Ligand SMILES: Cc1cc2nc3c(=O)[nH]c(=O)nc-3n(C[C@H](O)[C@H](O)[C@H](O)COP(=O)(O)OP(=O)(O)OC[C@H]3O[C@@H](n4cnc5c(N)ncnc54)[C@H](O)[C@@H]3O)c2cc1C
């Protein structure tokens, strides 16, 4: 099974080689389900702490098949749950600790890539969130006010007015933007494929085209095991790192909601285009609408641009055909041409994929030492950096179960998200949230007010 033909996958040179599948039973120390960032970083971190560990990674397609090989390439300090809700749940100190770890982790990712000789086009140019109407401006001003209350300075988040933007990065209609330095752009498929090679060199065995059909937790007398199409794997610990695909595993239908995000990419843009648009430091960009959009200037001067808007599929279904949603591709192209009316050439690539949204919007690392089972993920659209943070928490927790580390003491680690509602409530909720978000964004663009829609959306998302 190959991933959808994204810009990222088609620009891998050389094309990735396929690895062997599993065709026998195995006995290992750690078995990982899923060859994306979560599974691979966890294997790397474990092997860096103990090179003698026997680790097997089972991947149903190829490493990078999932969101890790298809994403927008923002390596950011963003966290899916908003600051206020996080502080209400865990306290202000916990929020400050999270913010500081995530920020450091952006630059740290770049350093690790250099140390591991991974060429993934990593450039930390920060991110711009544009305000293209009054409501978006008010939202961003509030974001800055909240950041100041948390002690964040201009160095962490600042307002750039329209004239300043002309020297940084400009999209048509921008009244201003927030700028944060805590984001890098990268080529996700280069990163995930190189990382899989690094992990193999460190000693892990990777089995591709090997679907796990069941995860059986251990007990006081039995080790946990994985049943796969190619054999049974027994281990001291099993790491479930299947993110948006988790609902396909038995009993996991309500664990996370698979939400589809779609992307498009342009032809390489000319020097003239970029001299007008800016983004010379490869700042990533989006705006303050509800229906999230995200973009980056790639190493070969294209724009890779994505956004939400594709439907949630009843029963948390995940199918390869859902990786394309043409109405969303068309809407993305329209938005991109609105932002950059001088955009050159055609759209060359269109693709998408599922990400995992937990019911309480909070990612987690759940470690059951007795059952030897670790569940990680739920990053929504922010897993590029978070997956590595979680991997470090897992590796620290398995290496020294009784000690706290910077990563194991993060408040979201060890918390368990509640399950989603039964259908049809999940489907109705997702559909309503999406149509409310669209309605508010459309009203914002007309400078119309929609307090009721905002209130209902807030309720649905809480
Ligand atoms: C279009 C898109 C854009 C995004 N943009 C960004 C962004 O710009 N920045 C950001 O931070 N985040 C972004 N995200 C989210 C980010 O990509 C993910 O959070 C992150 O890659 C998750 O990594 P993972 O390893 O946990 O999951 P995945 O990369 O999805 O890996 C899970 C792996 O498990 C395998 N698997 C699943 N079930 C089984 C099974 N039963 N047996 C064996 N293997 C199995 C899958 O094949 C897959 O390879 C985006 C996501 C999408 C879809």
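The values are calculated or read from the model by the stated rules, or taken from the named source; none is laboratory data. Since this is a predicted model, take the numbers as computed values, not measurements. Heads up, the Cβs are rebuilt from the backbone with ideal geometry, glycines too, and the neighbour counts pull from every protein chain shown.
Could you grab me the full set of residues in the stretch 185-204 that are within 22 Å of residue 8 (Cβ to Cβ), more than 10 Å from the ligand (Cβ to nearest atom) and assigned to a loop (DSSP other than H, G, I, E, B)?
Across the stretch 185-204, the qualifying residue is only 187.
Can you tell me which of (1) part of a helix (DSSP H, G or I); (2) buried (at least 17 other Cβ atoms within 10 Å of the Cβ) is the one residue 315 doesn't meet?
The single condition residue 315 does not satisfy is (2).
In the stretch 349-376, which residues are farther than 17 Å from residue 98 by Cβ and within 9 Å of the ligand (Cβ to nearest atom)? Working first, answer last.
Of the residues in the stretch 349-376, the ones farther than 17 Å from residue 98 by Cβ are 349-357, 359, 366-375.
Of everything in the stretch 349-376, those that are farther than 17 Å from residue 98 by Cβ and within 9 Å of the ligand (Cβ to nearest atom) turn out to be 351, 352, 353, 354, 355, 356.
Residues checked against (1) under 22 Å from residue 357 (Cα atoms); (2) in contact with a helix residue (DSSP H, G or I) (Cβ under 9 Å, 6 or more places away or on another chain):
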position: 29; (1), (2): no, yes
position: 35; (1), (2): yes, yes
position: 40; (1), (2): yes, yes
position: 52; (1), (2): no, no
position: 55; (1), (2): no, yes
position: 86; (1), (2): yes, yes
position: 136; (1), (2): no, yes
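From the list 395, 453, 437, which residue is surrounded by 14 or more Cβ atoms within 10 Å (Cβ to Cβ), free of Cβ contacts under 8 Å to residues at least 60 places away in the same chain and assigned to a helix (DSSP H, G or I)? Step through it out loud before you land on a result.
Details: 395 fails: free of Cβ contacts under 8 Å to residues at least 60 places away in the same chain; 437 fails: free of Cβ contacts under 8 Å to residues at least 60 places away in the same chain.
After ruling out the rest, the residue left standing is 453.
Filtering the stretch 18-40 down to residues that are closer than 16 Å to residue 367 by Cβ and not in a loop (DSSP other than H, G, I, E, B), which residue is nearest to the ligand (Cβ to nearest atom)? Steps first, answer last, please.
The initial filter retains those residues of the stretch 18-40 that are closer than 16 Å to residue 367 by Cβ, namely 29-33, 38-39.
Checking the rest, the ones that are also not in a loop (DSSP other than H, G, I, E, B) come to 30-33, 38-39.
Values: 30: 15, 31: 11, 32: 9, 33: 5, 38: 3, 39: 6 Å.
Among those residues, the one meeting the criterion is 38.
Residues that are more than 9 Å from the ligand (Cβ to nearest atom), crowded, with 20+ Cβ neighbours inside 10 Å, part of a loop (DSSP other than H, G, I, E, B) and modelled with pLDDT of 95 or more: does the stretch 241-248 have at least one? Before the answer, list the steps.
Of the residues in the stretch 241-248, the ones more than 9 Å from the ligand (Cβ to nearest atom) are 247.
Next, only the ones that are crowded, with 20+ Cβ neighbours inside 10 Å stay: 247.
Remaining after also requiring part of a loop (DSSP other than H, G, I, E, B): none.
No, that holds for no residue.
Of everything in the stretch 118-131 that's in contact with a helix residue (DSSP H, G or I) (Cβ under 8 Å, 6 or more places away or on another chain) and part of a loop (DSSP other than H, G, I, E, B), which residue is farthest from residue 284 (Cα to Cα)? Explain how you work it out, then say what you get.
Step one: list which residues in the stretch 118-131 are in contact with a helix residue (DSSP H, G or I) (Cβ under 8 Å, 6 or more places away or on another chain), which gives 118-122, 124, 128-131.
Then keep just the ones that are part of a loop (DSSP other than H, G, I, E, B); that gives 118-122, 124.
Numbers: 118: 21, 119: 19, 120: 15, 121: 13, 122: 12, 124: 9 Å.
Among them, the one singled out is 118.
The conditions are (1) at pLDDT below 95; (2) closer than 25 Å to residue 418 by Cβ; (3) near the ligand (Cβ under 10 Å from one of its atoms), and residue 219 fails exactly one of them. Which is it?
(3)
Look at the stretch 205-224 and say how many of its residues are in a loop (DSSP other than H, G, I, E, B) and more than 24 Å from the chain's Cα centre (by Cα).
Residues of the stretch 205-224 in a loop (DSSP other than H, G, I, E, B): 208-211, 217-224.
Applying the additional criterion that residues be more than 24 Å from the chain's Cα centre (by Cα) yields 217-224.
Total meeting the criteria: 8.
Give the stretch 144-166 a look and list any residue that's farther than 20 Å from residue 75 by Cα and in contact with a strand residue (DSSP E or B) (Cβ under 7 Å, 6 or more places away or on another chain), or say none.
Selection gives 144, 159, 160, 161, 162, 165.
Assess whether residue 378 counts as being at positive phi and in contact with a helix residue (DSSP H, G or I) (Cβ under 9 Å, 6 or more places away or on another chain). Before you say what the answer is, go through the steps one by one.
Numbers: at positive phi: yes; in contact with a helix residue (DSSP H, G or I) (Cβ under 9 Å, 6 or more places away or on another chain): yes.
It is true that residue 378 is at positive phi and in contact with a helix residue (DSSP H, G or I) (Cβ under 9 Å, 6 or more places away or on another chain).
Criterion first (within 22 Å of residue 292 (Cβ to Cβ), in a helix (DSSP H, G or I) and touching a residue at least 40 places away in the same chain (Cβ under 8 Å)) does residue 98 satisfy it?
yes
Test of understanding: among 135, 107, 51, which residue is away from the ligand (no atom under 14 Å from the Cβ) and assigned to a loop (DSSP other than H, G, I, E, B)? Working first, answer last.
On the way: 135 fails: assigned to a loop (DSSP other than H, G, I, E, B); 107 fails: assigned to a loop (DSSP other than H, G, I, E, B).
Of the residues listed, the single one that is away from the ligand (no atom under 14 Å from the Cβ) and assigned to a loop (DSSP other than H, G, I, E, B) is 51.
Identify the single condition in (1) over 17 Å from residue 356 (Cβ atoms); (2) within 11 Å of the ligand (Cβ to nearest atom); (3) crowded, with 23+ Cβ neighbours inside 10 Å that residue 303 does not satisfy, given that it satisfies every other one.
If we test residue 303 against (1) over 17 Å from residue 356 (Cβ atoms); (2) within 11 Å of the ligand (Cβ to nearest atom); (3) crowded, with 23+ Cβ neighbours inside 10 Å, just (2) comes out false.
Taking residue 15, is it assigned to a loop (DSSP other than H, G, I, E, B) and within 24 Å of the chain's Cα centre (by Cα)?
Numbers: assigned to a loop (DSSP other than H, G, I, E, B): yes; within 24 Å of the chain's Cα centre (by Cα): yes.
The answer is yes for residue 15.
So in the stretch 178-210, with the set limited to residues that are in contact with a helix residue (DSSP H, G or I) (Cβ under 8 Å, 6 or more places away or on another chain) and within 20 Å of residue 27 (Cα to Cα), which one is surrounded by the fewest Cβ atoms within 10 Å (Cβ to Cβ)?
203
When you check residue 114 against the structure, is it assigned to a helix (DSSP H, G or I) and surrounded by 14 or more Cβ atoms within 10 Å (Cβ to Cβ), yes or no? First the steps, then the outcome.
On the way: assigned to a helix (DSSP H, G or I): yes; surrounded by 14 or more Cβ atoms within 10 Å (Cβ to Cβ): no.
Considered against the rule, which asks whether it is assigned to a helix (DSSP H, G or I) and surrounded by 14 or more Cβ atoms within 10 Å (Cβ to Cβ), residue 114 comes out as no.
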